[in-house]
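Worksheet: one structure, shown below.
The values are calculated or read from the model by the stated rules, or taken from the named source; none is laboratory data. As the structure is a computational prediction, the values presented were derived from the model and not from experiment. Cβ placement follows ideal geometry from the backbone for every residue including glycine, while neighbour counts extend to all protein chains displayed. For accessibility, only protein heavy atoms count, side chains too; no ligands or nucleic acids. Shrake-Rupley method; radii C 1.70, N 1.55, O 1.52, S 1.80 Å.
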Amino acid sequence: KAGVTQTPRYLIKTRGQQVTLSCSPISGHRSVSWYQQTPGQGLQFLFEYFSETQRNKGNFPGRFSGRQFSNSRSEMNVSTLELGDSALYLCASSFNINTEAFFGQGTRLTVV
Amino acid sequence: AQKVTQAQTEISVVEKEDVTLDCVYETRDTTYYLFWYKQPPSGELVFLIRRNSFDEQNEISGRYSWNFQKSTSSFNFTITASQVVDSAVYFCALSEARNAGNMLTFGGGTRLMVKP
């Protein structure tokens with residue numbers, strides 16, 4: 001059974017640009033969550049989608065957005081990139097609510 | 001608001017030593033879930049265990065064991081006879097049932113270094 005797949009693995013972008021990250025959850029999982037990991041702030045929750053609906057949202061500016069498609073694949077978008085957006089972005093999939101989350105290897109975004 | 005504290009930022013042990021990673025949590029919810037994850041250098045978070053707030057039984061899985069105590073709001077993780085492959089960052093996390101989802105609040109992590 002394939003795990004959570006995130007693409008791309010690495011990205012370098014310039015300040016002011018926008019970026020889209022993709023996540024394919026484990027087959028049959030309906031929940032996809034996104035997290036940002038930085039040395040200073042640790043692991044922080046961005047948002048969660050369940051059956052194409054946003055269920056929870058973390059404390060991030062509106063520049064961070066996401067969506068989930070009917071096949072459960074999810075994308076997150078960051079507009080007007082700032083240097084501080086440089087981080088490892090992790091996607092997690094879960095079969096249902098309040099179940100264990102399985103993480104992908106992440107996308108490492110560097111903003112220059 | 002929910003909070004998870006891992007007071008030990010870094011622990012160094014010699015192979016075959018036992019080591020305990022501490023986790024203290026705060027929540028106002030009566031139904032919640034506790035997790036431990038391992039993050040090796042590759043970056044992926046590896047799921048280790050999930051515990052619900054109504055199950056205080058200790059859990060053992062091979063060299064790993066977990067001690068959940070609601071009275072002290074702690075969910076500690078012990079590795080017995082540590083090995084070099086156990087070197088990683090370990091995260092404790094909390095999910096509250098009232099969020100009706102899978103939103104995890106993570107602790108700051110404990111970096112474990114096991115020396116040969």
Exercise. Given a cut-off of under 8 Å on Cα pairs at least six residues apart, what relative contact order in percent is computed for the stretch A:4-67?
Worked result: 21 percent
For this session: Work through the residues other than A:Asn98 whose Cβ is under 14 Å from its Cβ and net out their charges, Lys, Arg +1 and Asp, Glu -1.
Result: 0
Seminar exercise, completed: Taking every other residue with Cβ under 15 Å from the Cβ of B:Gly43 and scoring Lys and Arg +1, Asp and Glu -1, one gets +3
Problem set entry | Contact order normalised by residue count of chain A, Cα under 8 Å, 6+ apart, percent | 37 percent
For this session: Could you tell me whether the stretch B:1-92 comes out rounded, prolate or oblate from its Cα gyration tensor? Rule is a ≥ b ≥ c as square roots of the eigenvalues, rounded for a/c under 1.5, then prolate if a/b exceeds b/c, otherwise oblate.
Result: prolate
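What length, rounded to one decimal in nm, is gained on full extension from B:Met113 through to B:Val84, with 0.36 nm per residue of separation minus their alpha-carbon distance?
9.7 nm
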Problem set entry | Percent RCO, i.e. relative contact order, over chain B, from Cα pairs under 8 Å lying at least 6 residues apart | 38 percent
Problem set entry | Buried accessible area, chains A and B (both chains, 1.4 Å probe, Å² to nearest 100) | 1800 Å²
For this session: Could you work out how far apart the two model spin labels at B:Glu56 and A:Asn96 are, taking each label as a point 7 Å from the Cα in the direction of the beta carbon, and quote it in nm?
Result: 2.7 nm
For this session: Check cross-link reach from A:Lys57 to the aspartates and glutamates: straight Cα distance under 13 Å, and skip same-chain residues fewer than eight apart.
Result: A:Glu48
Exercise. What does the average come to when, for each residue of peptide A:92-102, you count the partner chain Cβ atoms lying within 10 Å of its Cβ?
Worked result: 6
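Would the stretch B:26-72 count as rounded, prolate or oblate if I go by the C-alpha gyration tensor, calling it rounded below 1.5 in a/c and otherwise prolate when a/b exceeds b/c, oblate otherwise? Show your work: numbers first, answer last.
Details: a/c = 2.82, a/b = 1.54, b/c = 1.83.
Oblate, because a/c is 1.5 or more while a/b does not exceed b/c.
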Exercise. Net charge near B:Val13, counting Lys/Arg +1 and Asp/Glu -1 over other residues with Cβ under 10 Å of its Cβ?
Worked result: -2
Problem set entry | Cα gyration tensor, chain A - rounded (a/c under 1.5), prolate or oblate | prolate
Exercise. Of the cross-linked pairs B:Lys16/B:Lys38; B:Lys3/B:Lys70; B:Lys70/B:Lys115, which ones have a Cα-Cα span greater than 25 Å in the structure shown?
Worked result: B:Lys70/B:Lys115
